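Visitor: Have a look at this one.
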Amino acid sequence: MPDVAAYDPLGVAGTWRRRRAKLVVYVLLGLFALYYVVPLAIVVLNSFRSLPDFSRNGLISLPHSFSLEYWSLAWSKFCVGGTCKGIEPFFYNSVAMVVPATIISTAIGSLNGYVLSKWRFTGSEILFGLMTLGVFMPGQMVLLPWARVLGLLGLSNTIAGLVLIHCVQGLSFTTLFCRNYYVNIPDDLIKAARIDGAGFWRIFRKIVLPLSPPILIVTVIWQFTNIWNEFLFAVIFSSGTNQPITAALVALSAGGMAVHQYGIESAAVLMAALPPLLVYLFGGRYFLRGLTQGAIK
Amino acid sequence: MASLTIRNLNKSFGSVAVLKGIDLEVKTGEFVVLVGPSGCGKSTLLAMIAGLESVSSGEIRIGDRVVNGVPPKDRDIAMVFQSYALYPTMTVRANITFGMESRGVPKQARAEALARVAGLLQIESLLGRKPSQLSGGQRQRVAMGRALVRDPALFLFDEPLSNLDAKLRVEMRTEIKKLYQRLNKTTIYVTHDQVEAMTLASRIAVMHQGRLQQFAEPRTVYDRPANMFVAGFMGSPSMNFLPAQIAVSGPAAVVLAESEGQAMRLPLPDKVVASAGEGRRVVLGIRPENLTRYDRGRTEEKPYLGTIQAPVEVVEPTGAETITIVRIGSREVIACFEPDAAPAVGETVTLAVDMAKACLFDPETEMLI
């Protein structure tokens, strides 16, 4: 908390006006909070409910039965696309995809940002502009080129192929984030280090990287969440046992089963949503701070 | 330690010429101050000496070596920045030893050099702190420590005192002077503050609009400024300029142009008149401290003392002296009085003009005659 109390625009004027204003604000905020929380609450509750409970009380209802078995079934037993190992293998597929893709794209983005802010060359601004163009490019546009590239590299339907796609697709964002952060590092620091005998890599390692945690946390959270939740590339460029969890979820619900296993589906969805949620819960503070804070106090 | 030679140095950014034909010869062990108003190119010149800016044309030589294409780390220089540029994530200790570490100096030698510099600057107690935990003056010391820890050919200072408050600035100035007197290292020091230039320099290089205006000892720059720009820039309050004409008849003298009725005639040394030429139009430059209240006792002592009567318009006491603005013709002229002899507003004072100290400039070229 800051030392000085934040300015409270609703805390001035007459008592009645003040109370009325606060009431309006809190009611509105409460409604919005409800609007966002209710779907999550329904899915959470449904993950504990039995099938007869669903058929008697419908999809949206308070639980009349309670069981944890749907979570374990969804995790390791339920049949998805022909194999009956639950969503566990797909979960690990996602992990195997998201970890290297996040690390590589963040590392390269950081290096790009360093070059584009501190080692400018003729045309570096134009290059930066072109790179950030990728931020606005819809994924559908690059589906065919990627299909061709993956085919040429022999990476069709592999996790490595998806890692490659996410690294390249993510570079626009990571470069943009890091470059705009590094621009605020005073040039004098770089100059001083150059006079001190440090070269390109030493300055990066000893001066720039130690200043980077706020922005690296932002890029890691951003990349992790986006890559984990990404669906389009996942569903198009992978199939069978090589699918990441987002694609597998669809296969799970479209399993050709006569009856929808709502409890299992809910549990699977929640497990799939958990990693980015946890990342955000633990890193959210740094995320906001990193986005608003400059490099140097 | 080494000398620095700059020959016909030019720098342009695109079509804008920032430095035009700079020639500078700095002897080993000299303290040279580059001074000028902002935008005069002094910081660019320093950056070029450091190797942080490329050379458009000309030559920079450190010792016997031409360094035009040499990267900063191989120029054997140390630099103190205006912003201090301390590495924010490192302790004071790491800040000071970073350069030696980069150059692969053995640990033992690093520790010794650190101890020497910390003692010299009295920053032993700060070594474990981060720059954000230091006051402005302490940061300044650490920044100097980082430069002093090595034994480079050249020390470069880029306005190192301008971020300090007035009192601390004066203290640090004295300290830099003391350090220099102890170490006697070749130093190039950039500042826009003419007092810093006067107090620190063994020689001052005054720059304006990308050109070197004058390069001489402080006394010379002050007493015999090469042109009207230097005359006006150095000294505070700055020199008064009055249009005048060398007297054609009578004893050697200069006659003020705008003297409204009274013939204002001020004596000059004969040789000045001889070199300027009778009847020539000139600009008379006279420093405020050479315009004081006329005192009969002193008149006898000094040769070439003229007098002018002038009404007083503004009186500004500063404590040590009283700055007075008087009107001569259509011009405002600044004079310095001792507080005891300060005039009142509206009073007409008789000013003693010490013409032995006066400078004459050509009105066209603005150069010293």
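The values are calculated or read from the model by the stated rules, or taken from the named source; none is laboratory data. Everything quoted here is computed from the prediction, not taken from an experiment. All Cβ positions, even for glycine, are placed from backbone atoms using ideal geometry, and neighbour counts span all protein chains on display.
Visitor: Go through (1) over 30 Å from residue A:42 (Cβ atoms); (2) over 20 Å from the mean Cα position of the chain (by Cα); (3) away from chain B (no Cβ under 14 Å) one by one and return the number of the condition residue A:188 breaks.
Guide: Tallying (1) over 30 Å from residue A:42 (Cβ atoms); (2) over 20 Å from the mean Cα position of the chain (by Cα); (3) away from chain B (no Cβ under 14 Å), residue A:188 fails exactly one: (3).
Visitor: Hey, any hits in segment A:174-183 for a residue that's in contact with an Asp or Glu (Cβ under 9 Å, 6 or more places away or on another chain), in the same structural domain as residue A:236 (by TED's automatic domain parsing) and not in a helix (DSSP H, G or I)? Show your work before the answer.
Guide: In the first step, residues of segment A:174-183 are kept if they are in contact with an Asp or Glu (Cβ under 9 Å, 6 or more places away or on another chain); the result is none.
Among the residues of segment A:174-183, not one is in contact with an Asp or Glu (Cβ under 9 Å, 6 or more places away or on another chain), in the same structural domain as residue A:236 (by TED's automatic domain parsing) and not in a helix (DSSP H, G or I), which makes the answer no.
Visitor: On to the next question. So if I check each of B:147, B:113, B:94, B:118, which one is without any contact (Cβ under 8 Å) to a residue 12 or more places away in the chain and of a type in the set (A, V, I, L, M, F, W, C)?
Guide: Details: B:147 fails: without any contact (Cβ under 8 Å) to a residue 12 or more places away in the chain; B:113 fails: without any contact (Cβ under 8 Å) to a residue 12 or more places away in the chain; B:118 fails: without any contact (Cβ under 8 Å) to a residue 12 or more places away in the chain.
The conditions single out B:94.
Visitor: Right, here's the next one. Which members of segment A:107-133 meet the condition of being hydroxyl-bearing (Ser, Thr, Tyr) and surrounded by 12 or more Cβ atoms within 10 Å (Cβ to Cβ)?
Guide: Hits for segment A:107-133 are A:110, A:114, A:117, A:124, A:132.
Each row is one residue, and each column tells you yes or no for (1) touching a strand residue (DSSP E or B) at 6+ places or on another chain (Cβ under 6 Å); (2) among the basic types (Lys, Arg); (3) within 15 Å of residue B:36 (Cα to Cα).
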residue: B:177; (1), (2), (3): no, yes, no
residue: B:192; (1), (2), (3): no, no, yes
residue: B:214; (1), (2), (3): yes, no, yes
residue: B:224; (1), (2), (3): no, yes, no
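Visitor: Any residue at all in segment B:136-149 that is modelled with pLDDT under 95, surrounded by 18 or more Cβ atoms within 10 Å (Cβ to Cβ), in a loop (DSSP other than H, G, I, E, B) and over 22 Å from the mean Cα position of the chain (by Cα)?
Guide: yes
Visitor: Output the number of the condition that residue B:182 fails; it satisfies all remaining conditions of (1) modelled with pLDDT of 90 or more; (2) more than 14 Å from residue B:79 (Cα to Cα); (3) charged (D, E, K, R); (4) assigned to a helix (DSSP H, G or I).
Guide: Looking at each condition in turn, residue B:182 falls short on (1).
Visitor: So how many residues does segment B:329-367 have that are crowded, with 16+ Cβ neighbours inside 10 Å and either in contact with a Cys (Cβ under 6 Å, 6 or more places away or on another chain) or within 18 Å of residue B:316 (Cα to Cα) (or both)?
Guide: Final tally of qualifying residues: 9.
Visitor: How many residues are hydroxyl-bearing (Ser, Thr, Tyr) and under 30 Å from residue A:74 (Cβ atoms) if we restrict to segment A:13-53? Can you show your working first?
Guide: Residues of segment A:13-53 hydroxyl-bearing (Ser, Thr, Tyr): A:15, A:26, A:35-36, A:47, A:50.
The next check asks that each one be under 30 Å from residue A:74 (Cβ atoms); those that pass are A:35-36, A:47, A:50.
Going through segment A:13-53 one residue at a time, the tally reaches 4.
Visitor: Quick check on segment A:191-202: of everything there that is more than 7 Å from chain B (Cβ to nearest Cβ) and surrounded by fewer than 22 Cβ atoms within 10 Å (Cβ to Cβ), which residue is farthest from the chain's Cα centre (by Cα)? If you could, list the steps in order and put the result at the bottom.
Guide: Just the residues of segment A:191-202 that are more than 7 Å from chain B (Cβ to nearest Cβ), to begin with: A:193, A:199-201.
Adding the requirement that they be surrounded by fewer than 22 Cβ atoms within 10 Å (Cβ to Cβ) leaves A:199-201.
Details: A:199: 34, A:200: 31, A:201: 29 Å.
Out of the qualifying residues, it is A:199.
Visitor: To continue, here is another question. Determine whether segment A:155-178 contains at least one residue that is of a type in the set (Gly, Ala, Ser) and facing chain B (nearest Cβ under 9 Å). Quick ask: steps written out before the conclusion?
Guide: Start the filter on segment A:155-178 by keeping residues that are of a type in the set (Gly, Ala, Ser), which leaves A:156, A:160-161, A:170, A:172.
Then keep just the ones that are facing chain B (nearest Cβ under 9 Å); that gives none.
There is no residue in segment A:155-178 that is of a type in the set (Gly, Ala, Ser) and facing chain B (nearest Cβ under 9 Å).
Visitor: Is segment A:80-92 home to any residue that is of a type in the set (Ser, Thr, Tyr), in contact (Cβ under 8 Å) with a residue 24 or more places away in the chain and not in a helix (DSSP H, G or I)? Please lay out each step first, then the result.
Guide: The first filter runs over segment A:80-92 and keeps only residues of a type in the set (Ser, Thr, Tyr), leaving A:83, A:92.
Next, only the ones that are in contact (Cβ under 8 Å) with a residue 24 or more places away in the chain stay: A:83.
If we keep only those that are not in a helix (DSSP H, G or I) as well, we get A:83.
So far as segment A:80-92 goes, yes, one or more of its residues are of a type in the set (Ser, Thr, Tyr), in contact (Cβ under 8 Å) with a residue 24 or more places away in the chain and not in a helix (DSSP H, G or I).
Visitor: Give A:44, A:95, A:37 a once-over and let me know the one that is in the same structural domain as residue A:240 (by TED's automatic domain parsing), surrounded by fewer than 16 Cβ atoms within 10 Å (Cβ to Cβ) and within 27 Å of residue A:225 (Cα to Cα).
Guide: A:95
Visitor: Scan segment A:93-126 residue by residue and report those that are touching a Leu at 6+ places or on another chain (Cβ under 7 Å) and free of Cβ contacts under 8 Å to residues at least 60 places away in the same chain.
Guide: Listed by number, the list holds a single entry, A:124.
Visitor: How about segment B:311-369: which strands (runs of 3 or more DSSP E) wholly inside it have at least 1 residues that are of a type in the set (Lys, Arg)?
Guide: On the way: elements: B:322-328, B:331-337, B:348-354, B:359-361.
Here the list reads B:322-328, B:331-337.
Visitor: Could you list all residues from segment B:68-80 that are under 19 Å from residue A:193 (Cβ atoms) and either among the hydroxyl-bearing types (Ser, Thr, Tyr) or without any contact (Cβ under 8 Å) to a residue 24 or more places away in the chain (or both)? It would help to see each step written out before you state the result.
Guide: The first filter runs over segment B:68-80 and keeps only residues under 19 Å from residue A:193 (Cβ atoms), leaving B:70-80.
Result: B:70, B:71, B:72, B:74.
Visitor: What's the total number of residues in segment A:47-77 that are farther than 16 Å from residue A:268 by Cα and either exposed (fewer than 10 other Cβ atoms within 10 Å of the Cβ) or free of Cβ contacts under 8 Å to residues at least 24 places away in the same chain (or both)? Don't jump to the end; show me each part of the working.
Guide: Step one: list which residues in segment A:47-77 are farther than 16 Å from residue A:268 by Cα, which gives A:52-66.
So of that shortlist, the ones also either exposed (fewer than 10 other Cβ atoms within 10 Å of the Cβ) or free of Cβ contacts under 8 Å to residues at least 24 places away in the same chain (or both) come out as A:52-53, A:55-58, A:60-66.
Residues that pass the stated criteria total 13.
Visitor: Taking residue A:102 as the residue in question, decide whether it is part of a helix (DSSP H, G or I), under 26 Å from the mean Cα position of the chain (by Cα), over 16 Å from residue A:230 (Cα atoms) and in the same structural domain as residue A:188 (by TED's automatic domain parsing). Working first, answer last.
Guide: On the way: part of a helix (DSSP H, G or I): yes; under 26 Å from the mean Cα position of the chain (by Cα): yes; over 16 Å from residue A:230 (Cα atoms): no; in the same structural domain as residue A:188 (by TED's automatic domain parsing): yes.
So residue A:102 fails the test.
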